[in-house]
1. Could you give me the ³J(HN,Hα) list for the stretch 220-235, computed from phi with Karplus coefficients 6.51, -1.76, 1.60 and θ = phi - 60°, whole Hz, x at Gly and Pro?
2. Assuming 0.36 nm per residue, please report the length gained on full extension of the stretch ILE68 to LEU42 beyond their Cα-Cα distance.
3. Residue by residue, what Karplus-based ³J(HN,Hα) values in Hz, rounded to whole numbers, does the stretch 118-133 have, using 6.51, -1.76 and 1.60 with θ = phi - 60° and x for Gly and Pro?
4. Suppose the chain between GLU215 and LYS308 were pulled fully straight at 0.36 nm per residue; how much longer would it get relative to their current alpha carbon spacing?
5. List the residues whose amide H sits under 5 Å from the amide H of THR303, counting only those 5 or more places along or on another chain, with H placed 1.01 Å from N in the peptide plane.
6. Under 5 Å between amide hydrogens, which residues at least 5 positions from ASN164 or on another chain qualify, with H placed 1.01 Å from N in the peptide plane?
7. Give me the one-decimal nm value for the distance between modelled label points at GLU276 and ILE352, 7 Å along each residue's Cα-to-Cβ direction.
8. Quick one: work out the % antiparallel among DSSP beta bridges in the stretch 70-366, nearest 5.
Amino acid sequence: MEKSSVSPNNSFTSAMTLTEKKSLVSPNNSFNSVMTLTEEGLTSVPKRYVLPPSLRPDGTLSNTCLPIVDLTLLRHPLLRPQIIQQVRLACKELGFFQVVNHGIPESVMKDALDVATEFFALTNEEKMHLMSPNVHDPVRYNTSLNDVKDKLSFWRDFLKHYANPISNWIDLWPSNPTCYKEKMGNYTKAVQKLQEELMEVIFESLELNPTYLHEDIAEGSQVMAVNFYPVCPEPDLALGLPPHTDYSLLSIILQNHQGLQIMDRDEKWHSVPLIEGALIVQMGDHMEVLSNGRYKGVVHRATLNSEKKRLSITSLHSLALGKKVRPAPELVDEQHILSYKEGGISDFLDFISGENIVEAKYIDILKLNP
Ligand code: OGA
Ligand code: NI
């Protein structure tokens with residue numbers, strides 16, 4: 001088992017030396033980012049990316065409209081109850097909605113996407129010091145789900161890092177590109193604030209006090225998953241990310257091109273449209289736990305395309321690293337028996353360090369009566 005890499009004073013020491021990491025960059029294939037692969041000008045995807053037919057994204061898509069919530073309307077006392085009801089339906093039926101008029105300036109979102117693009121455009125050599133297969137590392141660059149152990153590979157390179165409270169983590173973020181910390185920092189702070197507001201709305205829609213867990217939410221964990229999906233020569237055979245739910249209470253996603261798909265309760269897939277300026281809000285497994293099953297984590301996947309490289313920035317929010325999410329006592333009664341045990345990020349990280357994460361589900365280990 002690899003060691004956790006944050007020392008008490010937060011200085012970052014990687015379990016692997018840089019020389020060891022550099023020796024992992026090809027030619028013997030131990031670390032192969034999708035970006036370096038695509039630079040070789042492939043016309044087909046290597047075998048390990050070819051999915052079994054049941055996992056391929058080739059079925060028909062549902063074309064019903066997906067919900068869009070206008071946050072400014074919440075401030076209107078007469079409209080607020082309707083918007084809360086809209087959120088309740090969206091969370092219950094899909095575990096998903098998009099938000100518009102959320103208050104984050106478009107320039108802040110654009111800067112974050114631009115600096116993420118610049119990061120992935122660096123050579124692998126320049127990114128290698130951040131490469132880590134250890135899911136406990138607070139900053140890590142890798143590919144697919146978690147490279148080494150994956151038998152099946154996914155067409156994604158990623159950078160993940162903690163973000164809230166920002167002063168604990170920002171020094172560990174990439175210093176190349178030089179404006180990464182500033183631009184990503186502005187975005188993460190804005191999303192953290194938006195998340196606090198959304199959580200109040202969602203709690204209200206659950207008929208909880210909007211300030212339920214108020215401080216815990218403000219001091220909660222935020223993990224940024226910066227995802228890069230290079231152009232794929234055979235987008236019908238591969239995926240950027242397989243169907244999964246996020247561990248979070250809430251995830252907020254910013255994307256620069258269409259590609260995300262969500263599954264509804266009838267197991268039909270929907271493409272999430274790209275709406276200029278909007279952000280995507282998804283319920284995660286911890287929200288399923290907190291709501292005692294009223295709101296389920298949404299199953300989603302990242303599809304690929306053969307023309308444009310795609311970037312997405314997912315901000316995953318849950319309680320602080322050492323804390324556990326449990327069903328709200330107000331949501332447990334005779335009709336709604338206690339259905340989940342408590343779970344925290346550490347349980348999730350232990351889960352994904354294990355085998356077979358494409359088929360197994362984290363939420364299943366939290367269910368009391370599976
Ligand atoms: C994720 C995720 C979707 C996307 O980061 O967990 O599901 O569209 N991302 O990149
Ligand atoms: Ni996800």
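1. With coefficients 6.51, -1.76 and 1.60, one gets x, 7, 9, 10, 8, 10, 9, 10, 10, 10, x, 3, 10, x, 9, x Hz.
2. Working: separation 26, 0.36 × 26 = 9.36 nm, distance 3.83 nm.
Once the chain is fully extended between ILE68 and LEU42, it gains 5.5 nm.
3. 4, 4, 5, 6, 5, 5, 4, 3, 6, 9, 4, 5, 9, 5, 7, x
4. Details: separation 93, 0.36 × 93 = 33.48 nm, distance 4.11 nm.
Extending this stretch completely gives an extra 29.4 nm.
5. Residues meeting the criterion, in which the H sits 1.01 Å from N, are GLY240, LEU260, GLN261.
6. The list, which skips near neighbours in sequence, is GLN222.
7. Each label point is offset 7 Å from its Cα along the Cβ direction, giving 3.4 nm.
8. 95
The values are calculated or read from the model by the stated rules, or taken from the named source; none is laboratory data. From a predicted model like this one, the values you see are computed outputs, not experimental measurements. Virtual Cβ from ideal backbone geometry, glycine too; neighbours counted across all protein chains shown. For accessibility, only protein heavy atoms count, side chains too; no ligands or nucleic acids. Shrake-Rupley method; radii C 1.70, N 1.55, O 1.52, S 1.80 Å.
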